[in-house]
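The values are calculated or read from the model by the stated rules, or taken from the named source; none is laboratory data. Everything quoted here is computed from the prediction, not taken from an experiment. Positions of Cβ are backbone-derived with ideal geometry, glycine not excepted, and every protein chain shown enters the neighbour counts. Side chains included, ligands, DNA and RNA excluded: accessible areas come from the protein's heavy atoms. Shrake-Rupley method; radii C 1.70, N 1.55, O 1.52, S 1.80 Å.
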Amino acid sequence: MAVITITKDNFDEVVLMSKKPVLVDFWAVWCGPCKMVSPIIDEIAEEEDSIVVGKINVDEQPDLAMEFGVMSIPTLLVFEGGQVVNKAVGARGKDDILDLLGL
């Protein structure tokens, strides 16, 4: 499944109402570590049908970043049943991200 661009307009539908766990990547165009993590996130989205993967551009969606206390990027949040169940701040490798997801 492809990565979904998440905005305040589709957040509830994509993240909170998802029947599957959701990995959300908070990122920005100017962020070097985000550029390192982005292809890993894309790869996980293509390989794992058991989850939903979305990205939130913090410059375009500052309200969502503020709502979830995102102070540094990249920040990865894992949602299950509409609740944050795991979080990682900073660049991570694929194995670490899969561990966050319990995969």
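Just one of the numbered conditions (1) among the hydroxyl-bearing types (Ser, Thr, Tyr); (2) touching a residue at least 24 places away in the same chain (Cβ under 8 Å); (3) loosely packed, with under 15 Cβ neighbours inside 10 Å is not true of SER72; which one?
The failed condition is (2).
Return the residues of region 81-96 that are in contact with a helix residue (DSSP H, G or I) (Cβ under 7 Å, 6 or more places away or on another chain) and either open to solvent by 70 Å² or more (accessible area, probe 1.4 Å) or closer than 24 Å to ASP12 by Cβ (or both); say none if nothing qualifies.
Passing the criteria: GLY82, ASN86, ALA88, ARG92.
Does VAL15 fit the bill of being within 19 Å of MET71 (Cβ to Cβ) and assigned to a helix (DSSP H, G or I)?
Taking the combined requirement at face value, the residue does not satisfy it.
Under 6 Å by Cβ, and 6 or more places apart or on different chains, what pairs join a residue from region 13-40 that is open to solvent by 20 Å² or more (accessible area, probe 1.4 Å) with one that is part of a helix (DSSP H, G or I)?
Hits for this filter: TRP27/CYS34; ILE40/LYS94.
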